[in-house]
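Each reported figure results from applying straightforward, stated rules to the coordinates on display, with no laboratory input. Source: prediction; values computed, not measured. Please note: Cβ atoms are built from the backbone with ideal geometry, for glycine as well, and neighbour counts cover all protein chains shown.
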Amino acid sequence: MEVTVNDELSVRHGSSQSKAAPQVYLVSAHVRELLNVRRLQGRLTTRQTAALLNCGEHDIPVLVSQRLIKPLGHPPPNAQKYFSPVEILQLAGDSEQMGQICDALYKHWQVKNAAKSNRVNGHSRRALRS
């Protein structure tokens, strides 16, 4: 059985008579399958939550630490987290809350990249002095 990694979705903008090439977006198979289910299961994994919020799996711990999304129950720090599909869908439908999520992610990665840049620059400066 061959598993599709990505599906191509062709989208045309403008009139149907347009001769411009369609834009192609790649959608991973697990996202396509999740979006095509008739009813979501009772709890979502980190991967499923990221797909519904259109962000990366690595962004979910950031959103949890910023208290923008809340896992079900009281999981220990190293346990797999599950999320309520009702809450995630409500969150995804609220543009104000999605704006807060975007701002939190922008800030997190800006700080992380600045720290990384400072470490690299600090090491290279020391190497130049030697």
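Here are the numbers for this structure:
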{"quantity": "Amide proton proximity set for ILE69, modelled H, under 5 Å, gap of 5+", "calculated": "VAL64"}
{"quantity": "Extended-chain gain in nm, criterion 0.36 nm per residue less alpha-carbon gap, ASP94 and ASN36", "calculated": "18.8 nm"}
{"quantity": "For peptides 47-60, 94-107, sequence by mean Cβ density within 10 Å, most packed first", "calculated": "47-60, 94-107"}
{"quantity": "For region 28-130: relative contact order, % (alpha-carbon pairs under 8 angstrom, 6 or more apart)", "calculated": "25"}
{"quantity": "Förster-model FRET efficiency, 25 Å R0, ARG67 and ASN121, C-beta, rounded to 0.05", "calculated": "0.15"}
{"quantity": "Distance-filtered residues of region 79-101 - backbone nitrogen under 18 Å, label point 7 angstrom along GLU57 Cα→Cβ", "calculated": "79-84"}
